[in-house]
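The values are calculated or read from the model by the stated rules, or taken from the named source; none is laboratory data. Bear in mind the structure is a predicted one, so any value in this text is a computation, not a measurement. For neighbour counting, all protein chains shown are included, and Cβ atoms are generated from backbone atoms with ideal geometry for every residue, glycine included. For accessibility, only protein heavy atoms count, side chains too; no ligands or nucleic acids. Shrake-Rupley method; radii C 1.70, N 1.55, O 1.52, S 1.80 Å.
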Amino acid sequence: MNMGEDKMAEAVEQLAGAIVEKYAGEKFALIGLRSRGDEVALRLKSQLEAKGVELDFGILDISLYRDDLNHLSANPKLQASEISFAVDGAKVILVDDVLFTGRTVRSAIDALMDYGRPAGVELAVLVDRGHRELPIEPNYVGISIETERLDDVVVHLKNTDGVDEILVHRA
Ligand code: 5GP
Ligand code: MG
């Protein structure tokens, strides 16, 4: 299954539309999970702003919170998180490119709580590929793709990779 620019635009539009409908004038924040989730979040941000929506924006790096982080692996790269608005009382939508086991999102929620006590947290993902290992489900999904556990969903985004495409590499 190969999806190109049109399908990607459709998926982002789908996410933006669902979020606008839900928040209808209410303030919220998008927080992208580095890396690639931040780029998806930026795409969503510009789509939403084009619709006249005002929102806070941030980036979360959860490399140090992953519960399967291998302590033997040298120098895990930690880029700074960028959250410059008050998380206390905020309605937050976490944004990632691919949702798989749910462990990254669990860690992201953990990391977010270090910034304050949000009034609510939701999850938007560009691709849901299934195989959850935790009770975590997305509120907004761009594309659902049925995968085998060992498959790899390749997500290329224009700003990082020069091209918009989603490919499934079957194991
Ligand atoms: P999880 O923690 O839910 O198992 O995996 C989600 C995180 O790992 C996301 O941040 C995502 O970027 C990455 N990820 C997991 N599976 C895939 C995949 O098949 N393709 C891509 N591109 N990223 C994946
Ligand atoms: Mg990621």
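How about segment 75-125: which of its residues are away from ligand 1 (no atom under 16 Å from the Cβ), part of a helix (DSSP H, G or I) and either under 29 Å from H169 (Cβ atoms) or of a type in the set (S, T, N, Q) (or both)? Scanning segment 75-125 gives no hits.
If you go through segment 149-171 and keep only what is touching a Ser or Thr at 6+ places or on another chain (Cβ under 9 Å) and outside any loop (DSSP other than H, G, I, E, B), you end up with V153, T160, V168.
The number of residues in segment 18-61 that are under 18 Å from K158 (Cβ atoms), outside any helix (DSSP H, G or I) and either at pLDDT below 95 or hydroxyl-bearing (S, T, Y) (or both) comes to 3. Considering the conditions (1) small (G, A, S); (2) free of Cβ contacts under 8 Å to residues at least 60 places away in the same chain; (3) within 16 Å of H156 (Cα to Cα), A11 is excluded by exactly one of them, (2).
E21 passes every criterion in (1) open to solvent by less than 70 Å² (accessible area, probe 1.4 Å); (2) farther than 15 Å from D128 by Cβ; (3) away from ligand 1 (no atom under 15 Å from the Cβ) apart from (1).
Checking E165, E122 one by one, the residue that is open to solvent by less than 70 Å² (accessible area, probe 1.4 Å), closer than 26 Å to A9 by Cα and within 11 Å of the chain's Cα centre (by Cα) is E122 and no other.
So how many residues does segment 138-150 have that are without any contact (Cβ under 8 Å) to a residue 24 or more places away in the chain and away from ligand 2 (no atom under 16 Å from the Cβ)?
5
Every residue, every condition in (1) open to solvent by less than 50 Å² (accessible area, probe 1.4 Å); (2) of a type in the set (D, E, K, R); (3) without any contact (Cβ under 8 Å) to a residue 40 or more places away in the chain, yes or no:
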position	(1), (2), (3)
G17	yes, no, yes
K27	no, yes, no
I31	yes, no, no
V53	yes, no, yes
I59	yes, no, yes
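Among the criteria (1) over 25 Å from A111 (Cα atoms); (2) touching a Gly at 6+ places or on another chain (Cβ under 9 Å); (3) open to solvent by less than 50 Å² (accessible area, probe 1.4 Å), the one E10 does not fulfil is (3). Can you name every residue in segment 126-148 that is part of a loop (DSSP other than H, G, I, E, B) and in contact with a Phe, Trp or Tyr (Cβ under 9 Å, 6 or more places away or on another chain)? R129, G130, H131, R132, E133, T147, listed by residue number. Would you tally the residues in segment 112-154 being in contact with a helix residue (DSSP H, G or I) (Cβ under 9 Å, 6 or more places away or on another chain) and more than 17 Å from F28 (Cβ to Cβ)? Matching residues across segment 112-154 total 8.
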